[in-house]
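Novice: Here you go, one structure.
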Amino acid sequence: MRKSAGVLSSLLAVLAMVVVAPSPAQAAERDPVIFVHGYKGGAWNWNDMIADFKADGWSGGRLFAMSYDITQSNKTTAAQLRSLVDSVRAQTGAAKVDIVAHSMGSLNSRWYLKFLGGTSYVDQWVSLGGPNHGTNLTPICSWLITSCAEMAPDSSFLRDLNAGDETPGGVRYQTFWSSCDEFINPDQSTILTGATNTNVGCIEHAWLLVSDPVSLKVRTFLKS
């Protein structure tokens, strides 16, 4: 009888493990992720990171890389992002999405969150090297391109975006910034009050998109 009881206990323990272990189907039901590129970028910027996400269990049908005209106002891009979020939610049946943004993509996605109702439809938001408080490199392009002018530290766009709560709503905010980012000056411009802000060390601006350690940190945050 003792032996039978021991076998039964072992079987019950195994069954319990089977019940609680996440299945591939459950992993596929993670929030859809929308990747938003930065200034002079494109959807192709995300090829490496999207491959990492797929290898880590995300379904390709829940990963979306946005493309937009980088010369237009970030407010216009934010409205386009709103439409994309609505489309992704309808397509996947998900209540909310996650957003991963690089560089200027951080600004238009934050505008969507703060002013276009995005906090109701975004679960987690990540900024990679975002000029969230501007960059002093804008004089090289601000006289010609609206979106570039909006990245100036003293722009009316950034004053509005950063007024009051920098991380509104129930969204979980994460920024990753580099201590030697050649395009975001000062480097700490990416940091937001109310976000989890992480210095990833000395990584060049564009390399934030293809760095394996950064990619892992992004995925770890979205899975947490």
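The values are calculated or read from the model by the stated rules, or taken from the named source; none is laboratory data. Computed from a predicted structure; not experimentally measured. Note that each Cβ is placed from the backbone with ideal geometry, even for glycine, and that neighbours are counted across all protein chains shown. Each accessible area value is taken on the protein alone, full model and side chains, heavy atoms only, with ligands, DNA and RNA left out. Shrake-Rupley method; radii C 1.70, N 1.55, O 1.52, S 1.80 Å.
Novice: So, with +1 on the Cβ of K and R and -1 on the Cβ of D and E, and no other charges, what is the size of the charge dipole of the range 71-224 about its Cα centre, to the nearest 20 debye? Mind dumping the intermediate values first?
Specialist: Numbers: 11 positive and 13 negative charges, 110 e Å.
I would put it at about 520 debye.
Novice: Among 146, 72, 195, flag the residue with its Cα farthest along the positive direction of the charge dipole of the chain, charges on Cβ as +1 for Lys/Arg and -1 for Asp/Glu.
Specialist: The residue sitting most towards the positive pole is 195.
Novice: Hey, any idea what % of the range 72-194's accessible area is carbon plus sulfur with a 1.4 Å probe?
Specialist: So the carbon and sulfur contribution to the accessible surface is 54 percent.
Novice: Exceeding 18 Å between C-alpha atoms, which entries from my cross-link table qualify? They are 54/223; 114/217; 96/223. Intermediate values should be presented prior to the final figure.
Specialist: Numbers: 54/223 13 Å; 114/217 25 Å; 96/223 14 Å.
Distance filter (> 18 Å) returns 114/217.
Novice: Mind checking which aspartates and glutamates have their Cα closer than 17 Å to the Cα of residue 40? Skip sequence neighbours fewer than 8 apart in that chain.
Specialist: 69, 150, 181, 182, 204
Novice: Amide H to amide H under 5 Å from residue 175: which residues, 5+ apart in sequence or cross-chain, H placed 1.01 Å off N in plane?
Specialist: Those lying under 5 Å, H to H, from residue 175 are 127, 196, 197, 198.
Novice: State whether the range 111-176 is rounded, prolate or oblate according to the following rule on the C-alpha gyration tensor (a ≥ b ≥ c being the square roots of its eigenvalues): a/c under 1.5 gives rounded; otherwise a/b larger than b/c gives prolate, and the remaining case gives oblate. Show your work: numbers first, answer last.
Specialist: Values: a/c = 2.40, a/b = 1.92, b/c = 1.25.
It is prolate, given that a/c is not under 1.5 and a/b is the larger ratio.
Novice: May I ask for the Kirkwood hydrodynamic radius of the range 47-135, worked out over all distinct Cα pairs and given in angstroms to one decimal? Don't skip to the end; give the middle numbers.
Specialist: Numbers: mean 1/r = 0.0735 Å⁻¹.
About 13.6 Å for the range 47-135.
Novice: Which value, in nm² and rounded to one decimal, describes the direction-averaged projected area of the C-alpha convex hull of the range 86-209? The partial results should precede the final answer.
Specialist: Working: hull surface 30.9 nm².
Average projection, Cα convex hull of the range 86-209: 7.7 nm².
Novice: Could you work out the relative contact order of the chain? I mean the mean sequence separation of Cα pairs under 8 Å and 6+ apart, divided by the number of residues, in percent. Working shown, then result.
Specialist: On the way: 385 pairs, mean separation 38.8, N = 224.
Relative contact order here is 17 percent.
Novice: Towards the positive end of the charge dipole of the range 91-224, with charges on Cβ (+1 Lys, Arg; -1 Asp, Glu), say which of 156, 122, 176 has the farthest Cα.
Specialist: Projecting each Cα onto the dipole axis, the largest value belongs to 122.
Novice: Heavy-atom accessible area of residue 107 with all protein chains present, probe 1.4 Å, nearest 10 Å²?
Specialist: 0 Å²
Novice: Hey, for a label at residue 116 modelled as a point 7 Å past Cα toward Cβ, could you say which residues of the range 153-185 have their backbone N under 15 Å away?
Specialist: Counting backbone N atoms under 15 Å from the label point, the list is 161.
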